[in-house]
Amino acid sequence: MSENVVVLVGANAEVLDASTAELLTLAGQLGRPVAVVAGEAPQALVAELGRFGAAEVHLVSCPQLSDSLVLAKAALLADRAVAAHAKVILVASGLEGNEVAGLVAAKLSAGLITDVVTARFETAELVADKVVWAGKYTVTAKVLTEVAVLTVKPNSCVPLIAEVEAEVRQARFDFEPVAPVARVISAEPTAATKRPKLVEANVVVSGGRGTDGDFAPVEALADALGGAVGGSRAAVDAGYVPQTLQVGQTGKSVSPDLYVALGISGAIQHIAGMRTARRILAVNSDPEAPIHRLADLSVVGDLKTIVPAVVARLG
Amino acid sequence: MRIIALVKYVPDSGDEVGFEADLSLGRVGPSSRLSELDEYAVEQALRLRTELAGATLTVLSVGPAEAESALRKALQMGADDAVLVTDEAIAGSDVFGTATVLSAAIRSLEGGLVVAGMSSTDAGLGVVPALLADSLCWPLLSQAAAVSVEAGLAKIARVDETGSRVVEAALPAVVSVTDQSGEPRYPSFKDVLAAKKKSVATLTLADLGVDASAVGVGSARVEVLAVGRNPDRAAGRVIVDVDGSSVDEIVDFLAAATK
């Protein structure tokens with residue numbers, strides 16, 4: 001029988017998000033997927049987890065979850081991993097995801113590899129690949145400990161339907177820290193949008209300083225292509241878009257089929273977050289902008305006239 | 001109270017990097033420097049120092065002897081003194097080894113508030129602050145877009161994949177700050193001169209009472225098997241738009257890319 005692989009189900013999951021489906025697909029390749037939901041979950045989510053191969057779904061209530069920053073979730077996940085005798089624990093990459101994974105690894109004396117794009121067993125050893133140094137290198141590493149904790153970059157694999165009847169287990173976890181901990185005094189979930197999530201979208205249209213603060217063409221093209229809206233660090237710093245939409249080293253890292261950079265020069269910190277896109281289109285009035293050395297199609301011109309004309313043609 | 005800002009000496013993000021015999025990333029590149037993201041930690045630590053009566057700021061780094069230049073930069077920004085933990089046995093440590101050394105140093109320096117950056121710019125895991133809080137048994141206030149301290153209570157605003165939160169904890173605490181927390185200051189000529197008089201103390205594992213077997217490549221829980229250079233993205237077609245002349249080609253490109 002294959003070993004259990006624990007998957008942490010994405011935060012705020014009312015419905016299954018694409019990165020959780022991808023984690024379940026990877027878990028199915030590595031062993032027997034066990035999905036862990038921290039907090040409440042609607043029945044529809046449980047069915048969706050089964051559809052992507054979760055053999056077990058652990059619904060874990062934790063009264064301290066919403067008051068705690070990261071720690072309660074990490075302790076809960078470690079507790080479930082032990083209960084399931086899991087050899088591998090998978091978490092989606094992100095600011096919180098990486099911290100949760102690090103704390104779980106600390107608790108379980110497990111090896112940690114963050115932001116992996118693939119993972120496999122090679123003669124009983126877990127081996128994973130990650131892309132480093134602004135996309136220039138791929139590092140292959142193996143985990144030397146009995147238990148491995150991985151964070152997996154969204155859009156690294158295609159989620160596969162592997163319908164199973166998930167065995168549902170209800171559990172309760174009490175987070176009882178022995179040392180003083182931080183307390184969440186207010187929380188606001190990410191505002192819902194009709195557009196796909198930035199890290200999961202197949203198409204991302206981003207704007208930079210060259211938009212001069214008018215994101216209407218960026219949004220119109222994103223909507224015409226069914227894509228997500230992003231922004232460069234310069235656009236975030238100028239207040240054109242919220243930081244949650246920043247693409248780059250200190251923002252989101254995206255790997256869509258199509259990335260459109262509008263008025264973005266292409267600093268290395270930005271390229272680090274979008275270099276793995278399959279196709280790249282850039283529109284920038286500066287012929288010397290580094291983005292032109294990277295894009296599959298580079299247009300030197302004024303985005304304010306070109307983009308509306310393109311949107312009109314896309315109808 | 002002693003505030004401790006954590007800084008790392010890393011290759012510049014524009015550098016061509018090399019890899020050591022154990023396949024770890026070479027830290028000493030042609031323009032290695034204080035990690036850009038740690039400048040935000042130094043900046044916030046400097047700001048908090050002025051708000052906390054009697055506070056001093058020590059910058060702390062773990063790394064090769066060359067890492068002194070990163071500490072010197074932080075001293076130019078205005079830190080009071082600097083400590084470099086350097087020891088051949090530390091080379092090749094994973095995050096757990098690094099956190100072991102840092103937490104021993106923080107205890108030994110009797111820090112009351114630790115300020116770190118959001119992640120290193122080279123390894124980029126973003127987990128060391130969480131591991132430090134765990135090992136020091138201090139509250140964790142990480143990935144802060146804004147931080148304040150008042151009456152012994154630290155408060156941060158954080159935005160992550162779950163949404164935005166305001167979080168608080170009593171000191172001592174571990175804080176990490178993002179690049180949204182405020183632009184780092186640029187040292188003036190006067191600051192640069194003043195920093196020459198400041199000291200950089202060096203500590204070894206023995207000074208900290210850390211067993212060499214708990215750190216270094218031998219204690220790492222992950223082994224790098226291979227490093228491969230990815231092919232550069234070939235530059236594609238460049239066209240110059242004149243009065244909308246590029247629109248047809250863009251529409252065709254988008255159609256092909258989203259098929």
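Observations
- Matching residues in the range B:8-24 - criterion: being farther than 21 Å from residue A:233 by Cβ and surrounded by 24 or more Cβ atoms within 10 Å (Cβ to Cβ): B:9
- When residue A:66 is tested against (1) at pLDDT below 95; (2) more than 24 Å from residue B:165 (Cβ to Cβ), just one condition goes unmet, and that condition is (2).
- The range A:250-268, residues that are surrounded by fewer than 24 Cβ atoms within 10 Å (Cβ to Cβ), in contact (Cβ under 8 Å) with a residue 40 or more places away in the chain and within 17 Å of residue A:209 (Cα to Cα): A:265, A:268
- Test set (1) closer than 25 Å to residue A:180 by Cα; (2) in a loop (DSSP other than H, G, I, E, B); (3) among the acidic types (Asp, Glu) - residue A:40 fails condition number: (1)
- Selected residue (criterion: farthest from the other protein chains (Cβ to nearest Cβ)) from residues of the range A:106-134 that are free of Cβ contacts under 8 Å to residues at least 12 places away in the same chain and farther than 20 Å from residue B:22 by Cβ: A:124
- Some residue of the range B:25-42 being hydroxyl-bearing (Ser, Thr, Tyr), more than 26 Å from residue B:204 (Cα to Cα) and surrounded by 22 or more Cβ atoms within 10 Å (Cβ to Cβ): yes
- Contact map, the range B:96-110: first residue closer than 12 Å to residue B:219 by Cα, second residue of a type in the set (Ser, Thr, Tyr), Cβ cut-off under 6 Å, separation 6 or more or different chains; pairs are B:97/B:219.
Listed here are the residues, each with its yes/no results for (1) over 23 Å from residue B:63 (Cα atoms); (2) within 14 Å of chain A (Cβ to nearest Cβ); (3) touching a His at 6+ places or on another chain (Cβ under 6 Å).
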position	(1), (2), (3)
B:186	yes, no, no
B:213	no, no, no
B:219	no, yes, no
B:223	no, yes, no
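- The condition of being within 22 Å of residue B:40 (Cβ to Cβ) and surrounded by 23 or more Cβ atoms within 10 Å (Cβ to Cβ) holds for only one of B:159, B:128, B:215, B:210, that being B:128.
- Candidate set: the range B:93-118, residues that are more than 8 Å from every other protein chain (Cβ to nearest Cβ) and in a loop (DSSP other than H, G, I, E, B); chosen: the one nearest to residue A:100 (Cα to Cα): B:93
- Of the criteria (1) surrounded by 22 or more Cβ atoms within 10 Å (Cβ to Cβ); (2) over 17 Å from residue A:149 (Cβ atoms); (3) small (Gly, Ala, Ser), which one residue A:28 fails: (1)
- Residue match in the range B:12-29 (condition: assigned to a helix (DSSP H, G or I) and of a type in the set (S, T, N, Q)): no
- Considering the range B:91-109, and only residues there that are in contact with a Ser or Thr (Cβ under 8 Å, 6 or more places away or on another chain) and surrounded by 21 or more Cβ atoms within 10 Å (Cβ to Cβ), the residue that is nearest to residue A:107 (Cα to Cα) turns out to be B:96.
- Residue A:53 surrounded by 22 or more Cβ atoms within 10 Å (Cβ to Cβ), at positive phi and away from chain B (no Cβ under 14 Å): yes
- All positions within the range A:177-194 that are without any contact (Cβ under 8 Å) to a residue 60 or more places away in the chain and assigned to a loop (DSSP other than H, G, I, E, B): A:178, A:179, A:180, A:191, A:192, A:193, A:194
- Picking from residues in the range A:156-198 that are assigned by TED's automatic domain parsing to the domain that holds residue A:18 and β-branched (Val, Ile, Thr), the one that is modelled with the lowest pLDDT is A:158.
- Lone unmet requirement of (1) within 9 Å of chain B (Cβ to nearest Cβ); (2) within 16 Å of residue A:263 (Cβ to Cβ); (3) surrounded by fewer than 24 Cβ atoms within 10 Å (Cβ to Cβ); (4) hydrophobic (A, V, I, L, M, F, W, C) for residue A:314: (2)
- Within the range A:135-150, the residues that satisfy the criterion of being buried (at least 21 other Cβ atoms within 10 Å of the Cβ) and either more than 9 Å from chain B (Cβ to nearest Cβ) or not β-branched (Val, Ile, Thr) (or both) are A:141, A:147, A:148, A:149, A:150.
- Qualifying residues in the range B:226-248 (those that are touching a strand residue (DSSP E or B) at 6+ places or on another chain (Cβ under 9 Å), at the interface with chain A (Cβ under 7 Å from one of its Cβ atoms) and not aliphatic (A, V, I, L, M)) - the one farthest from residue A:295 (Cα to Cα): B:228
- Out of A:238, A:191, one residue alone is hydrophobic (A, V, I, L, M, F, W, C), out of contact with any Phe, Trp or Tyr (no Cβ under 6 Å at 6 or more places or on another chain), surrounded by fewer than 18 Cβ atoms within 10 Å (Cβ to Cβ) and facing another protein chain (nearest Cβ under 9 Å). It is A:191.
- Verdict on residue A:293 being modelled with pLDDT under 95, over 29 Å from residue A:158 (Cβ atoms) and either within 10 Å of chain B (Cβ to nearest Cβ) or crowded, with 24+ Cβ neighbours inside 10 Å (or both): yes
The values are calculated or read from the model by the stated rules, or taken from the named source; none is laboratory data. No experiment lies behind these values; they were computed from the predicted model shown. Glycine also receives a Cβ, built like all others from the backbone with ideal geometry; neighbour counts cover every protein chain displayed.
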